[in-house]
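*Asks:* Just passing along the structure, written as structure tokens.
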Amino acid sequence: IVITYTKVPKDVVLQQISYGAPGTGKSHRIKKQLEELNVPKGNIFRTTFHPDSDYSSFVGAYKPTMKKQYRYDGKVKAKYYEDDDLAGAKRDDVIIDKVIQYDFVPQTFIKAYTQAYKKPNENVYLIIEEINRGNCAQIFGDLFQLLDRDDNGVSEYPIKADSDLKMYLEGELGKNHDGIKDGELCLPSNLYIWATMNTSDQSLFPIDSAFKRRWDWEYEPIKYENSKWEIEIDGNMYSWTLFQKEVNNRIFEATNSEDKMLGDFFVKPNNNVISEKQFINKVLFYLWNDVCKDGDGDIFKTDDNKDVKFSDLYGENGTDIMLSMMKYLNVALLPEKKEDNEVDNNEDNTTSSNGQERRQYKYTINDSAE
């Protein structure tokens, strides 16, 4: 059997990390890419790294699993138990026991790996969210070596699989299959590994340079594109992008870094409106806890230049303080919106040239007076 693998598209990289400030839309970007490539759901495997992630939770390991065990008294075979139409079959003839046995349980990497080899004419995508929130050296282990790909997209340096993994893959793919030939693992050219990285959390688990060089890096900038989003504070409306730009400028001036800036999608509004509760509990809490806790940012002040404590926002005058903060940040109130084709109730009575009274109406269309 001759297996041919899909060629690597020139404009799509095999291993890439999308990085940027929180809320810049890194995961959304990957989602859109997959939609544009029309990737079937069954060919997308997703995982999220975290501090407790390790090799076994990424690759797989032997684990206890629950199985059904059938016992019967000789009158009815176990396989008849599920057959309700079988004449003479009685459920009492079969006894089901639940027993625990140990099996190799594959995790995200091996699931994507076997799928890529089973479907050589289709592209398979392994998506790793928040790759820097886990210890990559611990999680990848010797798989690290597989990330070196040749011009055809195949691993240059195969690695030996341990006995448990080898037995599992031989059961899934076959003993002489390319995916476990000579007991070795080798990434095929149709297996893509894409990841996201939040730069504000890059100190959790630093990624070493040897690991970094095996990836293509794609920066996701802040675009300030959600110009229709508004912040509502006690009925007063403010532009999200104006607030975002002002705060980000202050963050950069204080830290000389873009890592902790507010991304376009940092918060998810309802019908383009960020509620007062969302604004305090998500946006302002992040700014206070992650940016301004050491006195950086010059954000939490009132328009008369008084310092604001985060607890003040939950006090009796919390709303007034937020409104004052907006003044200090030079974020102006948005004008009240007018409905399309709004009719002014004030009517002007004028006299026509023939002396008859005529009534004149004032109205607006798309905010333009007529």
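*Asks:* Along its principal axes, what span do the Cα atoms of the stretch 149-210 show, with the longest given first and each in whole Å?
*Replies:* Between the extreme Cα coordinates on each principal axis of the stretch 149-210 lie 45, 29, 18 Å.
*Asks:* Over the heavy atoms of H177, what accessible area does a 1.4 Å probe trace out, to the nearest 10 Å²?
*Replies:* Rounded to the nearest 10, the figure is 30 Å².
*Asks:* Quick one: compute the contact order of the stretch 209-250, relative version, from alpha carbon pairs under 8 angstrom and 6+ residues apart, as a percent.
*Replies:* With pairs under 8 Å counted, the relative contact order is 28 percent.
*Asks:* Let me check against my output: what whole-number percent is the relative contact order of the stretch 142-203, with C-alpha pairs under 8 Å and at least 6 apart?
*Replies:* 31 percent
*Asks:* For each pair in K32/K337; K260/K306; K41/K245, compute the distance between the two Cα atoms and list the pairs where it is over 27 Å.
*Replies:* K32/K337; K41/K245
*Asks:* Further, regarding this structure: Roughly how many Å² of W215 are accessible to a 1.4 Å probe, to the nearest 10?
*Replies:* W215 exposes around 10 Å² with every protein chain in place.
*Asks:* What net charge do the residues around R29 carry, taking every other residue with its C-beta under 10 Å from that of R29, with Lys and Arg at +1 and Asp and Glu at -1?
*Replies:* On the way: positive: K26, K31, K32; negative: E218, E220.
Within the 10 Å Cβ shell, the charges total +1.
*Asks:* Indicate the gyration tensor shape class of the stretch 185-234 (rounded, prolate or oblate), computed on the Cα atoms with a ≥ b ≥ c the square roots of the eigenvalues: a/c under 1.5 is rounded; otherwise a/b larger than b/c is prolate and the rest oblate. Intermediate results must be reported in sequence, preceding the final value.
*Replies:* Details: a/c = 3.41, a/b = 2.08, b/c = 1.64.
Cα axes put the stretch 185-234 in the prolate bin.
*Asks:* Quick check: with the 1.4 Å probe, what order do D304, D52 take by accessible area, largest first?
*Replies:* D52, D304
The values are calculated or read from the model by the stated rules, or taken from the named source; none is laboratory data. The shown structure was predicted, so the numbers you read here are calculated from the model rather than taken from an experiment. When we count neighbours, we look across all protein chains shown, and the Cβ atoms used for this are built from the backbone with ideal geometry, even at glycine. Keep in mind that these areas ignore ligands, DNA and RNA; they rest on the heavy atoms of the full protein, side chains included. Shrake-Rupley method; radii C 1.70, N 1.55, O 1.52, S 1.80 Å.
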